[in-house]
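Asker: There's a structure below that I have some questions on.
The values are calculated or read from the model by the stated rules, or taken from the named source; none is laboratory data. The structure presented is a predicted model; accordingly, all values stated were derived computationally and were not measured. We place every Cβ from the backbone using ideal geometry, glycine too, and count neighbours over all the protein chains shown. Surface areas here come from the heavy atoms of the whole protein model, side chains and all, with no ligands, DNA or RNA. Shrake-Rupley method; radii C 1.70, N 1.55, O 1.52, S 1.80 Å.
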Amino acid sequence: MTLSCHDTAEHIYATGLRNQWHPVVPSSFVAPGALRKVTALGEQWLLFRRADGTLAMLDDRCPHRGAPLSLGKHLGDRVACWYHGVEVTTDGTVCAVPGLPGCNLEGKKLVTSLPVQEAGGAILAYFGDEEHPEPAELTLPGPLTDPGTDAFLCYAEWNVPWRYAVENLLDPMHGAFLHHESHSMYDGDTTAKFRIRETDRGYFFEKTDQRGVNFDWVELCRTGVDWVDLEIPYPPSGGPGGPFGIVGMVCPVDERRCGVFFWRYRRVQDWQRDTWRFLYRTLIEQRHWEVLEQDRVMLEALPADADQRENLYQHDLGVVRLRRLFRADAEAQHH
(Lines give C-alpha, C1' and ligand atoms only; values in the text may rest on other atoms or scores of the structure.)
Protein backbone atom coordinates (compact mmCIF):
# COMPACT_ATOMS: atom_id res chain seq x y z
CA MET A 1 0.00 0.00 0.00
CA THR A 2 1.20 3.49 -0.90
CA LEU A 3 -0.52 6.69 0.11
CA SER A 4 -2.08 7.94 -3.10
CA CYS A 5 -2.06 11.41 -4.59
CA HIS A 6 -5.33 10.36 -6.24
CA ASP A 7 -7.16 10.43 -2.89
CA THR A 8 -9.74 13.20 -2.83
CA ALA A 9 -8.84 16.47 -1.15
CA GLU A 10 -11.63 15.84 1.36
CA HIS A 11 -10.15 12.42 2.26
CA ILE A 12 -6.69 13.94 2.73
CA TYR A 13 -8.13 16.80 4.82
CA ALA A 14 -10.00 14.27 6.97
CA THR A 15 -7.25 11.68 7.47
CA GLY A 16 -4.08 13.79 7.50
CA LEU A 17 -1.81 15.74 5.16
CA ARG A 18 0.69 13.81 3.07
CA ASN A 19 4.29 14.54 2.07
CA GLN A 20 5.33 15.54 5.57
CA TRP A 21 6.35 14.01 8.88
CA HIS A 22 3.86 13.12 11.60
CA PRO A 23 4.30 11.83 15.15
CA VAL A 24 2.99 8.26 15.47
CA VAL A 25 3.28 6.97 19.06
CA PRO A 26 5.73 7.35 21.96
CA SER A 27 8.98 5.44 21.51
CA SER A 28 8.25 3.50 24.70
CA PHE A 29 5.31 1.80 22.94
CA VAL A 30 7.73 -0.37 20.94
CA ALA A 31 10.26 -2.25 23.08
CA PRO A 32 13.43 -3.78 21.59
CA GLY A 33 12.49 -7.01 19.84
CA ALA A 34 8.80 -6.06 19.69
CA LEU A 35 6.12 -5.59 17.04
CA ARG A 36 3.25 -3.11 17.39
CA LYS A 37 0.28 -2.45 15.16
CA VAL A 38 -0.69 1.22 14.80
CA THR A 39 -3.15 3.23 12.75
CA ALA A 40 -2.05 6.51 11.21
CA LEU A 41 -3.55 8.63 8.42
CA GLY A 42 -6.36 6.09 8.15
CA GLU A 43 -4.04 3.18 7.32
CA GLN A 44 -2.72 0.18 9.25
CA TRP A 45 1.02 0.04 9.95
CA LEU A 46 3.49 -2.20 11.73
CA LEU A 47 6.21 -0.78 13.97
CA PHE A 48 9.13 -3.20 14.22
CA ARG A 49 12.08 -2.71 16.57
CA ARG A 50 15.22 -4.80 16.39
CA ALA A 51 17.02 -5.93 19.53
CA ASP A 52 19.59 -3.13 19.02
CA GLY A 53 16.79 -0.53 19.09
CA THR A 54 16.68 0.16 15.34
CA LEU A 55 13.12 0.96 14.30
CA ALA A 56 11.20 0.30 11.08
CA MET A 57 7.64 1.05 10.00
CA LEU A 58 5.93 -1.17 7.42
CA ASP A 59 2.53 -1.43 5.78
CA ASP A 60 0.75 -3.98 7.98
CA ARG A 61 -0.11 -6.21 5.05
CA CYS A 62 1.66 -9.34 3.85
CA PRO A 63 2.29 -9.09 0.09
CA HIS A 64 1.17 -12.71 -0.37
CA ARG A 65 -2.48 -12.76 0.73
CA GLY A 66 -2.85 -9.50 2.67
CA ALA A 67 -2.72 -10.93 6.20
CA PRO A 68 -1.60 -8.49 8.95
CA LEU A 69 2.14 -8.79 9.48
CA SER A 70 1.57 -7.55 13.05
CA LEU A 71 0.18 -11.03 13.85
CA GLY A 72 3.45 -12.56 12.70
CA LYS A 73 6.69 -13.55 14.37
CA HIS A 74 9.65 -11.26 15.07
CA LEU A 75 12.78 -12.92 13.62
CA GLY A 76 15.37 -10.33 14.61
CA ASP A 77 15.84 -8.45 11.33
CA ARG A 78 12.59 -9.50 9.64
CA VAL A 79 9.01 -10.51 10.35
CA ALA A 80 7.41 -13.82 9.34
CA CYS A 81 3.73 -13.74 8.40
CA TRP A 82 1.69 -16.06 10.62
CA TYR A 83 -0.55 -17.17 7.72
CA HIS A 84 2.00 -18.79 5.35
CA GLY A 85 5.38 -17.88 6.84
CA VAL A 86 6.41 -15.33 4.18
CA GLU A 87 9.35 -13.34 5.57
CA VAL A 88 9.72 -9.59 5.04
CA THR A 89 12.75 -7.47 5.99
CA THR A 90 12.55 -4.06 7.64
CA ASP A 91 12.88 -2.28 4.28
CA GLY A 92 9.85 -4.16 2.88
CA THR A 93 11.70 -6.77 0.84
CA VAL A 94 10.45 -10.36 0.71
CA CYS A 95 13.49 -12.40 1.72
CA ALA A 96 11.98 -15.87 2.00
CA VAL A 97 8.90 -17.88 1.03
CA PRO A 98 9.26 -21.06 3.12
CA GLY A 99 6.46 -22.86 1.30
CA LEU A 100 8.13 -22.39 -2.10
CA PRO A 101 11.84 -21.52 -1.88
CA GLY A 102 13.04 -19.63 -4.96
CA CYS A 103 9.53 -18.23 -5.54
CA ASN A 104 9.47 -15.09 -7.71
CA LEU A 105 8.34 -13.01 -4.71
CA GLU A 106 11.77 -13.38 -3.14
CA GLY A 107 14.07 -10.38 -3.51
CA LYS A 108 11.26 -7.97 -4.40
CA LYS A 109 10.39 -4.93 -2.32
CA LEU A 110 6.63 -5.43 -2.09
CA VAL A 111 5.79 -3.80 1.26
CA THR A 112 5.78 -0.05 1.82
CA SER A 113 8.41 1.02 4.38
CA LEU A 114 8.27 4.54 5.79
CA PRO A 115 11.25 6.68 6.84
CA VAL A 116 11.25 7.02 10.64
CA GLN A 117 13.07 9.13 13.19
CA GLU A 118 12.84 9.33 16.97
CA ALA A 119 12.98 12.57 18.93
CA GLY A 120 11.93 13.64 22.40
CA GLY A 121 10.67 10.16 23.22
CA ALA A 122 8.35 10.00 20.16
CA ILE A 123 8.42 8.13 16.86
CA LEU A 124 8.01 10.34 13.79
CA ALA A 125 7.38 8.95 10.29
CA TYR A 126 7.33 10.50 6.85
CA PHE A 127 4.09 9.84 4.95
CA GLY A 128 4.75 10.54 1.27
CA ASP A 129 2.53 9.75 -1.69
CA GLU A 130 3.83 7.87 -4.75
CA GLU A 131 5.08 11.12 -6.31
CA HIS A 132 6.97 12.19 -3.16
CA PRO A 133 8.52 9.04 -1.66
CA GLU A 134 11.69 10.76 -0.43
CA PRO A 135 11.32 12.33 3.01
CA ALA A 136 10.91 16.07 3.33
CA GLU A 137 13.60 17.94 5.23
CA LEU A 138 12.81 17.77 8.93
CA THR A 139 13.77 20.44 11.46
CA LEU A 140 12.85 19.33 14.97
CA PRO A 141 11.42 21.76 17.54
CA GLY A 142 14.22 23.57 19.36
CA PRO A 143 12.97 22.67 22.87
CA LEU A 144 13.34 18.96 21.99
CA THR A 145 16.97 19.31 20.90
CA ASP A 146 18.31 22.12 23.12
CA PRO A 147 20.53 20.67 25.88
CA GLY A 148 19.56 23.59 28.14
CA THR A 149 15.87 22.65 28.00
CA ASP A 150 14.22 19.77 29.83
CA ALA A 151 10.95 18.29 28.55
CA PHE A 152 8.39 15.68 29.58
CA LEU A 153 6.22 14.04 26.92
CA CYS A 154 2.51 13.60 27.65
CA TYR A 155 0.60 11.45 25.14
CA ALA A 156 -3.12 10.73 24.87
CA GLU A 157 -5.54 9.33 22.31
CA TRP A 158 -8.73 11.27 21.71
CA ASN A 159 -11.90 10.49 19.75
CA VAL A 160 -11.52 13.78 17.93
CA PRO A 161 -10.70 14.68 14.30
CA TRP A 162 -7.03 15.66 14.15
CA ARG A 163 -7.86 19.14 12.85
CA TYR A 164 -9.96 19.96 15.92
CA ALA A 165 -7.04 19.13 18.19
CA VAL A 166 -4.70 21.45 16.26
CA GLU A 167 -7.33 24.20 16.06
CA ASN A 168 -7.72 24.04 19.84
CA LEU A 169 -4.05 24.97 20.17
CA LEU A 170 -4.46 27.93 17.78
CA ASP A 171 -7.23 29.28 20.02
CA PRO A 172 -5.53 30.92 23.03
CA MET A 173 -8.72 32.56 24.29
CA HIS A 174 -10.23 29.25 25.40
CA GLY A 175 -7.66 29.17 28.21
CA ALA A 176 -9.39 32.01 30.07
CA PHE A 177 -12.72 30.14 30.02
CA LEU A 178 -12.34 26.36 29.67
CA HIS A 179 -9.25 26.31 31.90
CA HIS A 180 -10.17 29.23 34.18
CA GLU A 181 -10.12 27.02 37.29
CA SER A 182 -6.71 25.56 36.47
CA HIS A 183 -3.51 26.21 38.42
CA SER A 184 -1.93 28.34 35.68
CA MET A 185 -4.68 29.98 33.58
CA TYR A 186 -6.84 31.63 36.23
CA ASP A 187 -5.44 35.13 35.72
CA GLY A 188 -5.77 37.82 33.07
CA ASP A 189 -8.59 39.43 31.15
CA THR A 190 -11.41 37.47 29.57
CA THR A 191 -11.53 40.01 26.74
CA ALA A 192 -8.73 40.53 24.24
CA LYS A 193 -7.73 41.51 20.72
CA PHE A 194 -5.51 39.28 18.60
CA ARG A 195 -3.24 39.59 15.62
CA ILE A 196 -1.41 37.24 13.24
CA ARG A 197 2.32 37.80 12.88
CA GLU A 198 4.09 35.97 10.08
CA THR A 199 7.36 34.09 10.63
CA ASP A 200 9.70 32.25 8.26
CA ARG A 201 8.30 28.93 9.51
CA GLY A 202 4.61 29.73 10.09
CA TYR A 203 2.88 32.40 12.14
CA PHE A 204 2.22 33.71 15.64
CA PHE A 205 -1.33 34.21 16.85
CA GLU A 206 -1.07 36.53 19.84
CA LYS A 207 -2.93 38.93 22.09
CA THR A 208 -2.14 42.55 21.34
CA ASP A 209 -2.89 43.79 24.85
CA GLN A 210 -1.64 41.07 27.21
CA ARG A 211 1.59 39.11 27.47
CA GLY A 212 3.01 36.89 30.17
CA VAL A 213 -0.25 36.54 32.13
CA ASN A 214 -2.18 33.61 30.65
CA PHE A 215 -2.17 31.53 27.43
CA ASP A 216 -1.42 34.72 25.49
CA TRP A 217 0.31 33.53 22.31
CA VAL A 218 0.92 30.49 20.17
CA GLU A 219 3.18 29.89 17.18
CA LEU A 220 2.38 27.46 14.38
CA CYS A 221 5.59 26.00 12.98
CA ARG A 222 5.82 24.05 9.71
CA THR A 223 9.30 22.57 9.56
CA GLY A 224 8.73 19.26 7.79
CA VAL A 225 6.41 18.37 10.68
CA ASP A 226 3.59 20.62 11.91
CA TRP A 227 3.91 21.67 15.54
CA VAL A 228 2.95 24.50 17.85
CA ASP A 229 4.89 26.30 20.54
CA LEU A 230 3.20 28.18 23.35
CA GLU A 231 3.98 29.54 26.78
CA ILE A 232 2.13 29.53 30.11
CA PRO A 233 3.41 31.87 32.88
CA TYR A 234 4.22 30.16 36.17
CA PRO A 235 4.30 31.56 39.70
CA PRO A 236 7.50 31.19 41.77
CA SER A 237 5.88 28.21 43.53
CA GLY A 238 6.18 26.39 40.21
CA GLY A 239 9.92 26.15 40.72
CA PRO A 240 12.87 27.47 38.70
CA GLY A 241 12.97 27.93 34.96
CA GLY A 242 10.62 30.83 34.30
CA PRO A 243 7.68 30.41 31.92
CA PHE A 244 6.46 26.95 31.16
CA GLY A 245 6.54 26.00 27.47
CA ILE A 246 4.55 23.44 25.53
CA VAL A 247 5.40 21.92 22.17
CA GLY A 248 2.32 20.27 20.69
CA MET A 249 1.90 17.84 17.78
CA VAL A 250 -1.05 15.78 16.59
CA CYS A 251 -1.12 12.41 14.83
CA PRO A 252 -4.12 11.89 12.54
CA VAL A 253 -5.21 8.32 13.38
CA ASP A 254 -8.29 8.28 11.16
CA GLU A 255 -11.20 10.57 10.37
CA ARG A 256 -12.49 10.58 13.95
CA ARG A 257 -9.45 9.84 16.14
CA CYS A 258 -6.07 11.39 16.85
CA GLY A 259 -3.06 11.04 19.08
CA VAL A 260 -1.94 14.20 20.90
CA PHE A 261 1.66 14.83 21.92
CA PHE A 262 2.47 17.56 24.43
CA TRP A 263 6.04 18.16 25.55
CA ARG A 264 6.00 20.29 28.69
CA TYR A 265 9.37 22.04 28.90
CA ARG A 266 11.38 24.55 30.88
CA ARG A 267 14.80 26.05 30.34
CA VAL A 268 16.68 24.61 33.29
CA GLN A 269 20.09 23.07 33.97
CA ASP A 270 22.01 21.39 36.78
CA TRP A 271 20.26 21.63 40.20
CA GLN A 272 17.39 23.61 38.69
CA ARG A 273 16.73 20.73 36.30
CA ASP A 274 16.59 18.29 39.22
CA THR A 275 14.23 20.59 41.13
CA TRP A 276 11.97 21.06 38.12
CA ARG A 277 11.80 17.33 37.42
CA PHE A 278 10.94 16.57 41.05
CA LEU A 279 8.22 19.25 41.17
CA TYR A 280 6.78 18.11 37.86
CA ARG A 281 6.50 14.46 38.84
CA THR A 282 5.19 15.05 42.35
CA LEU A 283 2.92 18.06 41.88
CA ILE A 284 2.56 19.61 38.44
CA GLU A 285 2.03 16.59 36.19
CA GLN A 286 -1.35 15.65 37.63
CA ARG A 287 -2.55 19.24 37.26
CA HIS A 288 -1.56 19.20 33.61
CA TRP A 289 -3.47 16.00 32.99
CA GLU A 290 -6.52 17.72 34.49
CA VAL A 291 -6.19 20.56 31.96
CA LEU A 292 -5.77 18.06 29.11
CA GLU A 293 -8.86 16.24 30.27
CA GLN A 294 -10.86 19.47 30.03
CA ASP A 295 -9.73 19.80 26.41
CA ARG A 296 -10.60 16.18 25.65
CA VAL A 297 -14.09 16.40 27.15
CA MET A 298 -14.90 19.57 25.22
CA LEU A 299 -13.47 18.42 21.87
CA GLU A 300 -15.04 14.96 22.03
CA ALA A 301 -18.40 16.63 22.72
CA LEU A 302 -18.24 18.73 19.54
CA PRO A 303 -20.52 17.44 16.77
CA ALA A 304 -18.91 15.98 13.66
CA ASP A 305 -20.06 18.98 11.65
CA ALA A 306 -18.97 21.58 14.22
CA ASP A 307 -16.77 23.39 11.69
CA GLN A 308 -19.65 23.54 9.17
CA ARG A 309 -22.10 25.48 11.35
CA GLU A 310 -20.15 28.28 13.02
CA ASN A 311 -20.35 32.02 13.53
CA LEU A 312 -16.76 33.15 13.94
CA TYR A 313 -15.31 36.41 15.25
CA GLN A 314 -11.95 38.15 15.61
CA HIS A 315 -10.55 35.67 18.14
CA ASP A 316 -10.85 32.93 15.51
CA LEU A 317 -8.40 34.43 13.01
CA GLY A 318 -5.75 31.89 13.97
CA VAL A 319 -8.12 28.97 13.33
CA VAL A 320 -9.33 30.43 10.02
CA ARG A 321 -5.75 30.87 8.83
CA LEU A 322 -4.91 27.30 9.87
CA ARG A 323 -7.87 25.86 7.94
CA ARG A 324 -6.88 27.75 4.81
CA LEU A 325 -3.33 26.37 5.02
CA PHE A 326 -4.48 22.79 5.57
CA ARG A 327 -7.15 22.95 2.85
CA ALA A 328 -4.66 24.41 0.36
CA ASP A 329 -2.23 21.58 1.14
CA ALA A 330 -4.97 18.95 0.75
CA GLU A 331 -5.97 20.42 -2.61
CA ALA A 332 -2.35 20.51 -3.80
CA GLN A 333 -1.80 16.89 -2.76
CA HIS A 334 -4.87 15.77 -4.72
CA HIS A 335 -4.49 15.46 -8.49
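Asker: Quick one: if you stick a label point 7 Å off each Cα along the C-beta vector at ASP200 and TRP289, how many nm between them?
Answerer: For ASP200 paired with TRP289, the spin-label model returns 4.1 nm.
Asker: Roughly how many percent of the accessible protein surface of the chain is carbon and sulfur, given a 1.4 Å probe and a whole-percent answer?
Answerer: Values: 7700 of 15250 Å².
Carbon and sulfur atoms account for 50 percent of the accessible area of the chain.
Asker: In addition: Just for the chain, what percent of DSSP beta bridges are antiparallel, to the closest 5? The partial results should precede the final answer.
Answerer: Values: 68 of 70 bridges.
Percentage antiparallel, nearest 5: 95.
Asker: For GLU137 and LEU302, compute 0.36 nm times the residue count separating them, minus their Cα-Cα distance, and round to one decimal in nm. Intermediate results must be reported in sequence, preceding the final value.
Answerer: Working: separation 165, 0.36 × 165 = 59.40 nm, distance 3.49 nm.
So the extension gain works out to 55.9 nm.
Asker: Further question: Go ahead and set up a Gaussian network model of the chain, Cα springs under 10 Å, then flag whichever of PHE278, PHE127, PHE205 fluctuates most.
Answerer: The residue with the greatest mean-square fluctuation here is PHE278.
Asker: Please give the net charge around GLN294, taking every other residue with its beta carbon less than 13 angstrom from that of GLN294, where Lys and Arg add +1 and Asp and Glu add -1.
Answerer: On the way: positive: ARG287, ARG296; negative: GLU181, GLU290, GLU293, ASP295, GLU300.
Net charge in that neighbourhood comes out at -3.
Asker: Sort 259-270, 68-79, 11-22 by packing, meaning the average of other beta carbons within 10 Å per residue, with the highest value first. Write out the running numbers ahead of the final one.
Answerer: On the way: 259-270: 20.4, 68-79: 17.5, 11-22: 22.2.
Ranking, from highest mean packing down: 11-22, 259-270, 68-79.
Asker: Pick from ASP274, ASP226, ASP60: which is most flexible by mean-square fluctuation in a GNM of the chain where alpha carbon atoms under 10 Å apart are linked?
Answerer: Of ASP274, ASP226, ASP60, the Gaussian network model singles out ASP274 as fluctuating most.
Asker: How large is the dipole of segment 1-103 about the Cα centre if only Lys and Arg carry +1 and Asp and Glu carry -1, each at its Cβ, rounded to the nearest 20 debye? Mind dumping the intermediate values first?
Answerer: Numbers: 9 positive and 9 negative charges, 56 e Å.
With Lys and Arg at +1 and Asp and Glu at -1, about 280 debye.
Asker: Now for a separate question. Rounded to the nearest 20 debye, what is the charge dipole size of segment 142-333 about its Cα centre when +1 sits on each Lys and Arg Cβ and -1 on each Asp and Glu Cβ?
Answerer: Numbers: 23 positive and 32 negative charges, 51 e Å.
Value, rounded to 20: 240 debye.
Asker: How fast does the chain diffuse by Stokes-Einstein, in µm²/s, taking the Kirkwood radius from C-alpha pairs at 4 °C and 1.567 mPa s?
Answerer: Numbers: Rh = 21.5 Å.
Rounded, D is 60 µm²/s.
Asker: Can you give the calculated 222 nm mean residue ellipticity of the chain, where each DSSP H run of n ≥ 4 adds -39,500 (n - 2.57) and the sum is split over every residue, rounded to the nearest 500 deg cm²/dmol?
Answerer: Values: 6 runs with 63 residues, N = 335.
Value at 222 nm, helices only, nearest 500: -5500 deg cm²/dmol.
Asker: Could you state the accessible area per residue of the chain in Å², with a 1.4 Å probe and every protein chain left in place? Let's see the in-between values first.
Answerer: Working: 15250 Å² over 335 residues.
Solvent-accessible surface per residue comes out at 46 Å².
Asker: Also, I was wondering about something else. Using a cut-off of 20 Å between alpha-carbon atoms, which lysines can reach LYS193, once sequence neighbours fewer than 8 places away in the same chain are excluded?
Answerer: LYS207
Asker: Can you tally the net charge around VAL38? Count Lys and Arg as +1, Asp and Glu as -1, for every other residue whose Cβ sits under 15 Å from the Cβ of VAL38.
Answerer: -1
Asker: Show me the three semi-axes of the equivalent ellipsoid for segment 44-92, from the C-alpha gyration tensor (sqrt of 5 times each eigenvalue), largest first, rounded to whole Å. Show your work: numbers first, answer last.
Answerer: Values: eigenvalues 57, 24, 13 Å².
After diagonalising the Cα gyration tensor, the semi-axes are 17, 11, 8 Å.
Asker: Return the single residue from TRP276, TRP45, TRP82 with maximal mean-square fluctuation; model: Gaussian network over the chain, springs between Cα atoms under 10 Å.
Answerer: In the Gaussian network model the winner is TRP82.
Asker: Let me know the shape class of segment 1-132, please: from the alpha-carbon gyration tensor, a ≥ b ≥ c as square roots of the eigenvalues, rounded when a/c is under 1.5, otherwise prolate if a/b is greater than b/c, or oblate. The partial results should precede the final answer.
Answerer: Numbers: a/c = 2.15, a/b = 1.30, b/c = 1.66.
Note, shape of segment 1-132 comes out oblate.
Asker: I've got another one for you. Work from the charge dipole of the chain (Cβ charges, +1 for Lys and Arg, -1 for Asp and Glu, about the Cα centre) and give the residue of ASN168, LEU299, GLY53 farthest towards its positive end.
Answerer: It is GLY53.
Asker: Can you return the lysines within cross-link range of LYS37? Criterion is Cα-Cα under 19 Å, with same-chain partners fewer than 8 residues away left out.
Answerer: Leaving aside lysines fewer than 8 places away in the same chain, those within reach of LYS37 are LYS73.
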